[in-house]
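Read the structure below first, then the notes.
The values are calculated or read from the model by the stated rules, or taken from the named source; none is laboratory data. Bear in mind that the values here come from a model prediction, so they are computed numbers and not experimental data. Glycine gets a Cβ as well: all are built from the backbone with ideal geometry, and neighbour counts include every protein chain shown.
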Amino acid sequence: MHPMVKPAFRRGWRDLNTVQFGMTPAHAMTLGPVDTATGSFLDLLDGTRGLPLLRAEARRMDLPDGHVDALVERLARAGLLDDARGGGPDAEALRERPDLLDRLRPELAALSLTTPEPGDALRHLAARRALRVQVRGAGRVGALLASLLSGAGVGEVDVRDVGRVEPWDVVPGGLPADAVGDRRDEAARRAVRRAAPGRPPRRRPASSPGSGGDGGFSLVVLAPRDDVAVHAPALPEDLIASGTPHLYAGVVEATGVVGPLVLPGETGCAGCLHEARTDRDATWPRLVAQWRSGRPRRAASGDLALATTVAGLAAAHALAFLDGRTPSSAGARWEAALPALDWHARPVWPHPACPCGAGAEGAVEEEAAGREPAPERAARKGKEEHAPEDGARRETMAEQRPSARVRRKAGATRPAGTWRAHV
Ligand SMILES: [Zn+2]
């Protein structure tokens, strides 16, 4: 191990023997007591030295025996330590591609702030290279979102849509002006390739073992160009049936929408949303039928700044999920309307009448028994849990597992193991 105090944390002394790592409430923590000699020793933990050399340096500085190991252990426990050589074989392969790694430095820095174990950040970044994500819809939001995922290191981003690029599809970072008139899906795939920090690793055939159904996508993002489909999404039966996690993003009129992230059988889906709206407003289905049968608009809405904001936020939620976390869009729709742009989440509860199974009897009882609903739970976690021992964090992409709740319900709602097939 070559210990390195995570450089992404800015350091400051709160008093003579307390160090604060990081600036923001979301991730900052304090370490104390730290004596002055140990404080200067921290500078040596920069990833260039292994433990034997560090112990020798400590002796030279008259620090007691065992001090280095205790310090390293303490920093590691606090989630403040990275390992300049850790992360496993895929991370090692990435280290040998400095061109690629330089492009992804900010991603690596962000991951180092949100992952606990030494070597985790690079392990997660390397794991992104093996992931497959599909984006359905290549308008302003979808094409940009797909490019963002590709630029953030996701190995394969497949884009699906029909028709040709229209002038109003053009968006910085997404479909370029010179693609107007080209096939929309092909133009979006070109944008994805252009955004990629390097050539992706060789692609696994979709039918290979372990790749799961539906092409084995870790996540499908639904970013429809049609504003009715954004506001009143239809139940994506293929994704529910195959247990594929999926995320919604889009702009309807002057409102940007991110979410819900649907973990089939666990969190509320498009069908649940529809049922809940119908419960609240009996005329909802009548309105939806009229909107859906209306003539499609030539240019859908999607103010440029709002569309890019939605694409960016949705990509961040997608990446959080792909990195093994549960972002706050699981079971919630984040919405912001022009011109105030106040982002707020509306919960999407599992509904007992929905065929997705998330609202099946067991789950409803659990909610009724006073368990906190998913969006609130996620929001609370975001606020409180920043310590490395965060139990909600799953270890690596490869080991991503359903939450305890999914495991409990898996037998009742869908064949066990279907989840694993898709992550
Ligand atoms: Zn549902």
Practice task
Report yes if Thr396 is modelled with pLDDT of 75 or more, surrounded by 17 or more Cβ atoms within 10 Å (Cβ to Cβ) and closer than 30 Å to Leu80 by Cα, otherwise no.
Solution key: no
Problem - Condition check for Thr38: of a type in the set (Ser, Thr, Tyr) and outside any loop (DSSP other than H, G, I, E, B) - result: yes
Exercise for the section: Kindly provide the set of residues from region 71-123 that are among the charged types (D, E, K, R), assigned to a helix (DSSP H, G or I) and farther than 30 Å from Ala37 by Cα, ordered by number. Expected result: Asp90, Glu92, Arg95, Asp99, Asp102, Arg103, Arg105, Glu107, Arg123
Exercise for the section: Have a look at Thr278, Thr255 and point out the one that is over 19 Å from the mean Cα position of the chain (by Cα), within 26 Å of Trp168 (Cα to Cα), among the polar types (S, T, N, Q) and at pLDDT 95 or above. Expected result: Thr255
Exercise for the section: Residue by residue through region 149-168, note down the ones that are touching a residue at least 40 places away in the same chain (Cβ under 8 Å) and not aromatic (Phe, Trp, Tyr). Expected result: Leu149, Ser150, Gly151, Ala152, Gly153, Val154, Gly155, Glu156, Asp158, Asp161, Glu166
Problem - Among residues of region 260-272, those that are farther than 16 Å from Ser218 by Cα, more than 8 Å from the ligand (Cβ to nearest atom) and among the aliphatic types (A, V, I, L, M), counted - result: 0
Practice task
For region 128-141, name all the residues that are surrounded by 24 or more Cβ atoms within 10 Å (Cβ to Cβ), in contact with a Ser or Thr (Cβ under 9 Å, 6 or more places away or on another chain) and not β-branched (Val, Ile, Thr).
Solution key: Arg140
Fill in the blank from the handout: Given the conditions (1) charged (D, E, K, R); (2) within 21 Å of the chain's Cα centre (by Cα); (3) crowded, with 24+ Cβ neighbours inside 10 Å, every one holds for Arg184 apart from (2)
Exercise for the section: Please state which one of Leu113, Leu122, Leu108 is over 16 Å from Leu247 (Cα atoms) and touching a Phe, Trp or Tyr at 6+ places or on another chain (Cβ under 8 Å). Expected result: Leu113
Exercise for the section: Write out, first by first residue and then by second, each pair whose Cβ atoms fall under 9 Å of each other, whose residues are 6+ apart or on separate chains, and whose first residue, in region 227-252, is in contact (Cβ under 8 Å) with a residue 40 or more places away in the chain and within 26 Å of Arg297 (Cβ to Cβ) while the second is among the basic types (Lys, Arg) and within 13 Å of the ligand (Cβ to nearest atom). Expected result: Ala232/Arg277
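Every residue, every condition in (1) surrounded by 19 or more Cβ atoms within 10 Å (Cβ to Cβ); (2) hydrophobic (A, V, I, L, M, F, W, C), yes or no:
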site: Ala58; (1), (2): yes, yes
site: Met61; (1), (2): no, yes
site: Leu75; (1), (2): yes, yes
site: Asp83; (1), (2): yes, no
site: Arg103; (1), (2): no, no
site: Leu111; (1), (2): yes, yes
site: Ala143; (1), (2): yes, yes
Exercise for the section: Could you look through region 239-252, keep only residues that are more than 18 Å from the chain's Cα centre (by Cα) and of a type in the set (A, V, I, L, M, F, W, C), and pick out the one that is farthest from the ligand (Cβ to nearest atom)? Expected result: Val251
Problem - Filter result (out of contact with any helix residue (DSSP H, G or I) (no Cβ under 7 Å at 6 or more places or on another chain), at pLDDT 95 or above and under 15 Å from Gly155 (Cβ atoms)) within region 94-114 - result: Arg103
Problem - Meets criteria (more than 13 Å from the ligand (Cβ to nearest atom), of a type outside the set (Val, Ile, Thr) and surrounded by fewer than 23 Cβ atoms within 10 Å (Cβ to Cβ)) for Arg277 - result: no
